[in-house]
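Scroll down for the structure; my scribbles are underneath it.
Taken together, the values in this text are just the output of simple stated rules run on the coordinates, not laboratory data. Since the structure is predicted, the reported quantities are computational estimates derived from the model, not experimental observations. Here the Cβ is made from the backbone with ideal geometry for all residues, glycine too, and neighbour counts use every protein chain on show.
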């Protein structure tokens, strides 16, 4: 029971740790909408944000670390009951790690490109834009948004299935896990549209799916903390 409370606290702290900088970025950087804008505009707006924006991106990448421990502890607790839980834990941990790596490009790579874009001549500006596009497409789209989010969705679906079979939580929390995963999955259309422009894009799916997922994490965390001895 002590382990359950620990997992619950870690889930709550990790989810809130992600939610706070995410919310700040939507206000000061028009995230995530800005990601599909022209590279020059993104670099200019990033440069205008200065050090506070860089620190916010660092916080967004790092403050979700408690979720890693929560995933591992939860996996250890349930892996003897369901064969797929260990696989789910592996996917979940990888998903979180690659998202962190992808996000940290905004702390250690994009500032350099933004400074070069603002201070450089026309050749440097064009080179900075191209470099940003490459880094963003690889670190952001491939690692963070595709592999990271896809693995997170798989983890959520598998753990929700385990919760449902064990009757650990109310049915509405199970549905919340499945629904948030389904909506979050639809956000993948936007990623494929970066290389196949004719693919229909469901623009609201990324924001709504990720928000519902964070809410689900917090709810599961609260339920675990509230479990009686």
If you average the C-alpha positions of the range 29-99 and of the range 157-229 separately, how far apart do those two centres end up, in angstrom? 15
Against the 2.2 N^0.38 Å scaling, with N counting residues, where does the range 134-195 land? I'd like the Cα-based Rg ratio to two decimal places. 1.35
Calculate, for residue 81 and residue 142, the FRET efficiency according to 1/(1 + (r/R0)^6) with r their C-beta to C-beta distance and R0 41 Å; round to the nearest 0.05. 0.75
Using only Cα atoms and rounding to the nearest 10 degrees, what angle (0 to 90) does helix 171-186 make with the longest principal axis of the chain? 30
What is the Cα convex hull volume of the chain when expressed per residue in Å³? 112
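Report the per residue volume, in Å³, of the convex hull enclosing the C-alpha atoms of the range 81-183.
For the range 81-183, the hull spanned by Cα atoms encloses 99 Å³ per residue.
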In deg cm²/dmol and to the nearest 500, what is the mean residue ellipticity at 222 nm of the chain if only DSSP H runs of at least 4 residues count, each as -39500 (n - 2.57), divided by the residue total? -25000 deg cm²/dmol
So how tilted is helix 205-226 from the main axis of the chain? Cα-based, degrees 0 to 90, rounded to 10. 40
Degrees separating the helix 110-119 axis from the principal Cα axis of the chain, which is the longest one: 20
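Listed highest first by mean packing, meaning other Cβ atoms within 10 Å per residue, what order do 3-12, 82-91 come in?
So the peptides 3-12, 82-91, ranked by packing, come out 3-12, 82-91.
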